[in-house]
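Inspection log for the structure reproduced underneath, given as structure tokens.
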Amino acid sequence: MTRVRLVAVPVAAALLLGAILLLATGTDPLAAYGAIVSGAFGPDGIGDTLAYAVPVAGMATALAIPLRAGMVNLGGEGQLVLGAISALAVGLYVPGPGPVKVVLALLAGVVAGAAYAALAAVCENRFGVPLLISTLLLSYPAMSLAGYLVRFPLKDAGSSLPQSPQLPEGTRLPELDGVTTGIFLVVAVIAVYAVIDARTPAGFETKVTGWAPRFATYAGIDRPKLTVRLLALSGGTAGLVGAIAVLGFPYRFIDGALITPQYTWIGLLAALLAGASPLGTLLAAVFFAALTSGGFAMERATQVPRELTAVLQAVLIIFLAATSGVFKRKARRA
Amino acid sequence: MIDASLFSSALTALTPILFAALAGALCQRAGVFNISLEGSLLVGCFGAVAGSWYTGSAWIGVVVAVLAATAYSLILAIGSITFDGDPIVLGVASNLLAVGLTSFLIRTVFGTEGSFSDPTLQGLGQFGPIPGQSPLVYLSWLAVPALAVLLYRHPWGLRLRGVGERPEAASSLGVDVTKYRYGVILAGGALCGLGGAQLALGSVTLFAENMTAGRGWIAVVAVMLGRAHPLGVLLAALLFGLAEAFGFRLQGIGLPQQATDAAPYVVTLVALFLSNFKRKKGQPA
Amino acid sequence: MTPPNPDAVSLRGIVKRFPGVLANDHVDLDVGAGEIHALMGENGAGKSTLMSVLYGLHRPDEGTISLHGEEVSFGSPARAIDAGVGMVQQGFALFGELTVTENVVFGSEPTRRGLLDRKAATARVTELIERHELRLRPGDRVRDLPVGLRQRVEILKLLYREADVLILDEPTAVLTPPETERLFGVLRTLAGEGRTILLVSHKLQEVLAVSDHVTVLRDGRVSARGRTAEQTAAGLATAMTGREIDLGRIHPAGTPGDAVLEARALTVPGVEGKPLLDNVSLTVRAGEIVGIAGVAGNGQAELSGAITGLLKTDGDIVLKGQSLDGLSVRARRDAGLAHVPEDRAEVGSAPTASLRENLAVGFHRKQPLVRKGFLRRKAIDDHASAIIQDYDVRGAGPAAAMGTLSGGNQQKAIFGRELTHDAPFLLVEQPTRGVDVGAIENIHARLVAHRDAGHAVLLISAELSEVLALSDRVLVLFEGRIVAEFTKDEADRHTVGLAMAGGAG
Amino acid sequence: NASAKDPAAQNAAGPALVLITPSPVGVNDFLKLAVQGIEDSAKKHNGTQKVFQSTDPASIQQNLAAAVREKPAVIVAVGFNFADAIAAEAERNPEQKFLFVDSCTTKPFPNVTCAVFREHEGTYLAGAEAGLLSRSGKVGAVVVLDAPQFHRYSIPFGQGAEKAKPGTTLAPLFIGGANPFNDPARAKALAATLAGQGVDHVMGAASAAGNLGVFEAAKQGGFFAFGVDANQCPASPGQVVDNVIKRTNVVIGDGVEAILGGKAGETKSYGVKEKGISLTGLEPDASTSQCVVAKHPDVLAKVGELRDQIISGAIVVDDPAES
Ligand SMILES: Nc1ncnc2c1ncn2[C@@H]1O[C@H](COP(=O)(O)OP(=O)(O)OP(=O)(O)O)[C@@H](O)[C@H]1O
Ligand SMILES: Nc1ncnc2c1ncn2[C@@H]1O[C@H](COP(=O)(O)OP(=O)(O)OP(=O)(O)O)[C@@H](O)[C@H]1O
Ligand SMILES: [Mg+2]
Ligand SMILES: [Mg+2]
């Protein structure tokens, strides 16, 4: 109940501020908001929303996993892209029947993302580079590497663009109404995360580490090991999201296509907003996805610039941070 | 491969990073973890161009940039200090807001999209002995010793470091922790404003959506690598700037662009490893 | 109608409320110049609150403060400092990264042309150190100083500010007897110079020894006051708790059995040659409490770290016949180690998490909290409720956040969790630091009962009287080495105190 | 902004047109020309038009789907990023007509008309100008990404220069980094780097914002630059020699006309010959273009000859994207 009020007040405040902005630019706020809602959840829009929600919720979950232990993974983009390119390479070059290749490609994405994120954990454990920095720094070379691969060894022979060839027909994740069937994988990951988080000793140890790191060490939780494990899970999930992305439309890796939509940053925000709780993270991710697709629909319908939704989104978060206890400063040190 | 223009372009490239990293170092010293540098820089860029455009004076543009970025940093200040919000959440949010807000403002203020420029837009121009450098470049170098003196030779610096280490102890000695923290965040905003002005009116003379292109994040890394000391931060920014400029050269001799893109980050990571190794020595196992 | 010779400090009808708590309830307090005035009371009685009001950290809801007959009103410590009031707070308010001089001048720095005048600062600090024989080096980093010296830095801060009202909130909680003696010597000198000293303490003997007057608070109200010479320890204890306390209780000796923990040649290298822990060997038997006495900073933390596995060390530890060499913290716990750490807020618990969660830690991989790999909510609840009941943790149910408990109750909860492990070996550090007499009695009784149930206990405490009261054997740690060993009969305050200061072995 | 620019046209009886851009139009000359093209077409056929602006692959797909739902007479999509999305929509909606400008689907569709450009021909001519004007014998290019599509702006530049003045060398640099399509400061640094190596004529294919950085470097370093897509000379008069222009507006007008006339499913390539690609200096209004080349009639004369040779087929400029 109070939780609802904690969120409702900032939401109302952000909407009000948005309305003022809209009035200032001479637009009817109700019409604009109506367009966002119908654009996000209307019969035409819900597919768009879900299409955004799959990568955003996937990345949000990926980043929530270590965040539960107070560890911030800023390298989601690199892990996402590496997962995507690895899945693609397997899908293109490993022989075998289609379904087997799809599974292998997904696994390759998971393994690549996991290994790369674990490397960042090792940087912290062995070389004392804080996770926040090691994940961030490692992200850029990964993106460059993927760019290099689609430019040279994995390039699309028929095209002049920095993109890979399309995966053959059988090696694809089918779509349902424009939404990739990868959505079931993402939902499954979130469900597993929710159960592990709430019901298992491993989830419990993760939370204890997030509450009080020194207490966790005292209690016998091996932080370096946990860091490697959580980062591997995080990077693995990010890699899975990347794999789902390339196995879905347009069935190829296009340089930059997973970066420009800011899936990672919006996902991180969703995870932070929800304090990394599994269902809260999902909710926040879907909310942001709806705001984005609704924003485009609003722009198409009413001429109001879609950046308004980006502004609304950020204002909302800042109001939330300011007025509610949803994410009060934790005993977290960089 | 190595010539005057390498240093000159490295110098231009590192100035916005240096300003932002100094801002980050100042905040770090006072115990504020500031990752909103990217957003503050971008707001500075926009303020600089808007100010210069409407007044016809690049210097007023710089002033507007400083004011805009300072005002923008209030988000982090009010959110994290007054309302005790998580600085990482606020930082990530304000970086995203900066992109959305400046894109929104280009539309509403300049009536265009993507980028804004005009041949009559006044830039900072060149100045001083090093060709191609704006006055802000020199200012950024002056800011390094100035901040070092402030931090280590001025009573404020002492108090600020105390606030960073143990706020409750500082407050029990009559030092207003809130005021100091607001102070560093706003001063950090002002420095980012200068960095943004350099990027938008010194390096080039225009505003483009998201034109900071990750420079604020590099500054966050530089704060870490430079151990939040003004001189250290300068060296870190210099290392990054040189690695980048050197990468451009390597492209010239046939390395693919993607390899040279990654170079500065790899160099920085290696530098972090090495600096930690050195520190580890002489400590108990 | 001002009295002819007004008191240096006069508090009238001070009321201070916190949400849900009446911390100070119409408190009056008068202290004359040149007087050492002790303030006593249970945990949470309102002592620190009252002193914070005087120092400007809190604004009173009602009541007035007068200094030398003049009513004052401080909005902040800065104003109080200007008026000559200084305070050493409970726990230190020092900056480890800064030097002694920087710590001392912090907040009122001498300047020259706008910049810090380091020369003048060092000169002034050196002069104060010499005048009061504090034996500190101005350039040392505070982080490198032992606790006793840090306390002197705190005193130095007050002297530098020329405070003429000095408030010390539990300054001796971390000091050894010789250090305490030195501190009291300084205080007496200062009082002799006409300064007013307010001393908050839980330690009856100290208060009786050093103070001129004493005021006792209970539940925010004054429950007793008077000249110290007219008080007795038992009387003060009753005034504090409202019940009779058996102060002189002597715990019977234990009956040691087989060796449970054997440590051999434990060594932790230091930064500059000198090891922090130097070739320490010791044995703890079942049914025995072994006490480690010593001035804080002489290797206690390293000894604890070596045993728990939080610190890498040379040497060898055998627990119940199993070598702990190379084992992780968790493996050591599984091998039969329980541990009550010194820092209960950061190391011993997660203050923001619930009591239920705090109490499940360590049991969360075992039956009956886990079945078939999944945690059982009901079992976790029952586990917490049982500990809360058994160990008399008051003021909260399983769902309450640990941080909302009082310090004493937090300590009881942590004790409950660790003792419930029923591990053969228990390491306890500073079990009663900052805990009031009532809670001390409870905790001590628990420890003795635990020993009598056949467990081996290693007690590390800076509180000499505690070590003496509980230990079957006392080892003295000095500069990383065990310099003396006493049986329960041999150990007395004087000889052990001497060994702690390096005067034996 | 986004949708119908001319409310009066909403009531018009003619065909409905939708233009989808891959990124915000703003100051992007290429896209501005596309918008102009769709507006002109709408006016000409007494129809209506809308513009949907995208920002990323996901929004491209959504805008395309939204456009299909509106069932306009023609959906015009500009930019290579649309290839996969158009192929998918064209397959699903055989009745819907698409005009795809600047690229084509891998597989032909009867309802997709493609219009592609041979930018390399223009770049070749610009390179020839650079070769003729260069004193140092070194020319360069600053290009967004190191990818074949974008090599159309670098390699032919060197070839044209070499043709005009044998011995001239080319030094290309690529922006890359975290934000290749919007990093003017980096574009400027790269151009300055080239200048430091003695290059005195730089082809700028550094994106709308990036080229401004290149021009600024030219101004500061006292060298010359070339623009793309439209006349960029006024952005930095005295520094910009000429531009490789892409007549997107004309191409869209042609394409829409053809589709409305019942011809669909073709791919038409626009080069110098079809007047889809040109140089500002070779256009009738060259004298008022503020381009540097306008002051060099001798150069223009020689480049005009080369153009004629390309048109006649005497010179064939290799397409670097087809390697
Ligand atoms: N800073 C604070 N903010 C909010 N509540 C506090 C704060 N400090 C203490 N409390 C609350 O006040 C109550 C009493 O705390 P305190 O530690 O003084 O108890 P106590 O009476 O000393 O108990 P014990 O004798 O068991 O140590 C607790 O419920 C605690 O949560
Ligand atoms: N900042 C605060 N907010 C809320 N309650 C507080 C705060 N500070 C103290 N209290 C409460 O006021 C009461 C008095 O606390 P105070 O710290 O003065 O006790 P104390 O006598 O110093 O105890 P101790 O011996 O444990 O130091 C306690 O119940 C405590 O919980
Ligand atoms: Mg207490
Ligand atoms: Mg107290």
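With the cut-off at 1.5 for a/c, could you classify the stretch C:372-435 from its C-alpha gyration tensor as rounded, prolate or oblate?
Details: a/c = 2.35, a/b = 1.27, b/c = 1.85.
Taking the square roots of the gyration eigenvalues as a ≥ b ≥ c, the stretch C:372-435 is oblate.
For the protein assembly as shown, just give the cysteines left without a disulfide-compatible partner, judged by no other Cys Cβ under 4.7 Å.
Within the protein assembly as shown, the cysteines lacking a partner Cβ under 4.7 Å are A:CYS123, B:CYS27, B:CYS45, B:CYS192.
Given springs between every Cα pair under 10 Å in a Gaussian network model of chain D, which of D:ARG307, D:ARG152, D:ARG135 has the largest fluctuation?
In the Gaussian network model the winner is D:ARG135.
For the stretch B:128-133, in order, what is each residue's ³J(HN,Hα) by Karplus, 6.51 cos²θ - 1.76 cosθ + 1.60 with θ = phi - 60°, in whole Hz (x at glycine and Pro)?
Karplus-based 3J(HN,Hα) across the stretch B:128-133 equals x, x, 8, x, x, 9 Hz.
For C:ILE250 and C:ALA209, what is the calculated FRET efficiency with R₀ set at 25 Å and r taken between the beta-carbons, to the nearest 0.05?
Working: r = 22 Å, r/R0 = 0.86.
Between C:ILE250 and C:ALA209 the formula returns 0.70.
Within the P(r) computed for the stretch B:11-57, what percentage of the Cα pairs occupies the region above 15 Å?
On the way: 588 of 1081 pairs.
Value for the stretch B:11-57: 54 percent of Cα pairs lie more than 15 Å apart.
Anyone know which of D:ASN249, D:ASN93, D:ASN182 comes out most mobile in the 10 Å Cα GNM of chain D?
Highest fluctuation among the options: D:ASN93.
Mind giving me the nanometre distance, one decimal, between the label points for B:PHE127 and C:ARG12, set 7 Å out from Cα along Cα→Cβ?
Inter-label distance under the simple model: 6.3 nm.
Using the Kirkwood radius built from alpha carbon pairs, what does the Stokes-Einstein equation give as D for chain A at 4 °C and 1.567 mPa s, in µm² per second?
On the way: Rh = 20.6 Å.
Estimated diffusion coefficient is 63 µm²/s.
From the convex hull of the Cα coordinates of chain B, what is the mean projected area in square nanometres?
That works out to 17.2 nm².
Compute the whole-percent fraction of alpha carbon pairs in the protein assembly as shown spaced more than 47 Å apart. Present the calculation step by step, with values, prior to reporting the outcome.
Numbers: 479542 of 1046181 pairs.
Within the protein assembly as shown, distances greater than 47 Å cover 46 percent of Cα pairs.
Residue separation times 0.36 nm, minus the C-alpha to C-alpha distance between A:ASP222 and A:PHE184: what's the value? Mind showing how you got there, number by number?
Values: separation 38, 0.36 × 38 = 13.68 nm, distance 3.32 nm.
Between A:ASP222 and A:PHE184, full extension yields an extra 10.4 nm.
Count the lysine pairs in chain A that are 8 or more places apart or on different chains: how many have C-alpha atoms under 22 angstrom apart? Don't skip to the answer; put the middle values down first.
Values: A:LYS101/A:LYS155; A:LYS207/A:LYS225; A:LYS207/A:LYS328; A:LYS207/A:LYS330.
So the count works out to 4.
³J(HN,Hα) across the stretch C:151-166 via Karplus (A = 6.51, B = -1.76, C = 1.60, θ = phi - 60°), whole Hz, x for Gly/Pro?
4, 5, 4, 4, 4, 4, 4, 5, 5, 4, 7, 6, 5, 10, 10, 10
Suppose R0 equals 22 Å. What FRET efficiency, 1/(1 + (r/R0)^6) with r the Cβ-Cβ distance, do C:ASP316 and C:ALA259 give to the nearest 0.05? Mind dumping the intermediate values first?
Working: r = 14 Å, r/R0 = 0.62.
For C:ASP316 and C:ALA259, the calculated efficiency is 0.95.
For D:ASN93 paired with C:HIS26, estimate the spin-label separation in nm (one decimal), with each label point 7 Å from Cα along the Cα-to-Cβ line.
Reported label-point gap for D:ASN93 and C:HIS26 is 8.3 nm.
Checking the table D:LYS107/D:LYS163; D:LYS32/D:LYS71; C:LYS274/C:LYS412; B:LYS179/C:LYS47 against a 32 Å threshold on Cα-Cα, which pairs fail?
Pairs exceeding 32 Å: D:LYS107/D:LYS163; C:LYS274/C:LYS412.
Tell me the relative contact order for chain B as a rounded percent, counting alpha carbon contacts under 8 Å between residues six or more apart.
Working: 487 pairs, mean separation 96.4, N = 285.
It rounds to 34 percent for chain B.
What average count of beta carbons from other chains do you get within 10 Å of the Cβ of residues in A:201-211?
Values: counts 10, 3, 2, 9, 4, 0, 3, 7, 1, 3, 10.
Counting Cβ atoms of other protein chains within 10 Å of each residue's Cβ and averaging gives 5.
Can you give the extra length, in nm with one decimal, that the chain gains between C:ASP452 and C:VAL72 once fully stretched, where that is 0.36 nm per residue apart less the Cα-Cα distance? Provide the component values of the computation, followed by the final result.
Details: separation 380, 0.36 × 380 = 136.80 nm, distance 5.64 nm.
Additional length available on full extension: 131.2 nm.
Simple spin-label model, 7 Å along Cα-to-Cβ: C:ARG394 to B:VAL266 in nm?
6.6
Take peptides A:257-270, C:123-136 and line them up by average Cβ neighbours within 10 Å, highest first, as a rough protection proxy. Before the final figure, lay out each step's value.
Working: A:257-270: 24.2, C:123-136: 16.1.
The densest-packed peptide leads the list: A:257-270, C:123-136.
Using modelled amide H (1.01 Å from N, peptide plane; none on Pro or chain starts), what sits under 5 Å from the amide H of C:VAL88, excluding residues fewer than 5 places away?
HN-HN under 5 Å from C:VAL88: C:ILE167, C:LEU168, C:ASP169.
With unit charges on the beta carbon (Lys/Arg positive, Asp/Glu negative), name the residue among B:LEU194, B:PHE33, B:ASN276 whose Cα is farthest towards the positive pole of the charge dipole of the protein assembly as shown.
Looking along the dipole axis, the top candidate is B:ASN276.
Using unit Cβ charges (K, R positive; D, E negative) and no other charged atoms, how large, in debye to the nearest 20, is the dipole of the protein assembly as shown about its Cα centre? All intermediate terms of the calculation are to be shown ahead of the outcome.
Details: 122 positive and 126 negative charges, 155 e Å.
It works out to roughly 740 debye.
Which whole number gives the average count of other chain Cβ atoms within 10 Å of the Cβ atoms across peptide A:151-158? Intermediate values should be presented prior to the final figure.
Values: counts 7, 3, 0, 0, 2, 2, 0, 2.
The mean count of partner-chain Cβ atoms within 10 Å per residue comes to 2.
Report the paramagnetic label zone for B:TYR152: residues of the stretch C:103-124 whose backbone N is under 15 Å from a point 7 Å from Cα along the Cα-to-Cβ axis.
C:116, C:118
Mind giving me the FRET efficiency for C:SER328 and B:ARG227? R0 is 51 Å, r the Cβ-Cβ distance, nearest 0.05 is fine. Walk me through the numbers before you get to the answer.
Details: r = 31 Å, r/R0 = 0.61.
About 0.95, to the nearest 0.05.
Once you sort the root eigenvalues of the Cα gyration tensor of the stretch C:20-85 as a ≥ b ≥ c, which label holds: rounded (a/c under 1.5), prolate (a/b larger than b/c) or oblate (the other case)?
Values: a/c = 1.72, a/b = 1.24, b/c = 1.38.
Note, shape of the stretch C:20-85 comes out oblate.
When a/c reaches 1.5 or more, the comparison of a/b and b/c decides; with that in mind, is chain C rounded, prolate or oblate per its Cα gyration tensor?
On the way: a/c = 1.79, a/b = 1.43, b/c = 1.25.
Note, shape of chain C comes out prolate.
Go through C:THR49, C:GLN389, C:LEU22 and say which Cα lies farthest out towards the positive end of the charge dipole of the protein assembly as shown; charges sit on Cβ, +1 for Lys and Arg, -1 for Asp and Glu.
Comparing the listed Cα positions along the dipole, C:GLN389 ranks first.
Using alpha carbons only, what's the Rg to Rh ratio of the stretch B:1-84 with Rh from Kirkwood? Could the numbers behind the result be given before it?
Values: Rg = 15.5 Å, Rh = 14.3 Å.
My calculation puts Rg/Rh at 1.09.
Under 20 Å between alpha carbons, and skipping anything fewer than 8 positions from C:LYS119 in its own chain: which aspartates and glutamates qualify?
Straight-distance partners of C:LYS119: C:GLU97, C:GLU102, C:GLU109, C:GLU127, C:GLU130, C:ASP140, C:GLU162.
Please report the spacing between the Cα centers of the stretch A:40-91 and the stretch B:98-165 in Å, no decimals.
Using only Cα atoms, the two centres lie 34 Å from each other.
Peptides A:307-318, D:120-131: what's the order by average Cβ count within 10 Å, highest mean first? Write down the numbers at each step before the final one.
Numbers: A:307-318: 24.6, D:120-131: 30.2.
Per-residue mean Cβ counts within 10 Å order the peptides as D:120-131, A:307-318.
Expressed as a whole number of Å, what is the distance separating the alpha-carbon centroids of the stretch C:4-66 and the stretch D:246-323?
Taking the Cα centre of the stretch C:4-66 as reference, the centre of the stretch D:246-323 is 90 Å away.
Pull up all non-local amide H partners of C:VAL260: gap of 5 or more, or a different chain, and H-to-H distance under 5 Å with H placed in the peptide plane.
Placed amide hydrogens put C:VAL284, C:ARG285, C:ALA286 under 5 Å from C:VAL260.
For C:LEU217, what residues show an amide H to amide H distance below 5 Å, using hydrogens built from the backbone and excluding near sequence neighbours?
Amide H neighbours of C:LEU217: C:MET40, C:GLY41, C:SER223.
Within 10 Å of each Cβ in C:349-362, how many Cβ atoms from other chains are there, averaged over the peptide?
On the way: counts 5, 12, 4, 6, 6, 1, 0, 0, 4, 5, 0, 3, 11, 3.
For peptide C:349-362, the averaged partner shielding equals 4.
We did not get these values from a lab; they are worked out from the coordinates using the rules stated. The model shown is predicted, which means the values in this text are computed figures rather than measured ones. With ideal geometry, Cβ positions are generated from the backbone for all residues, glycine too; neighbour counts draw on all protein chains shown.
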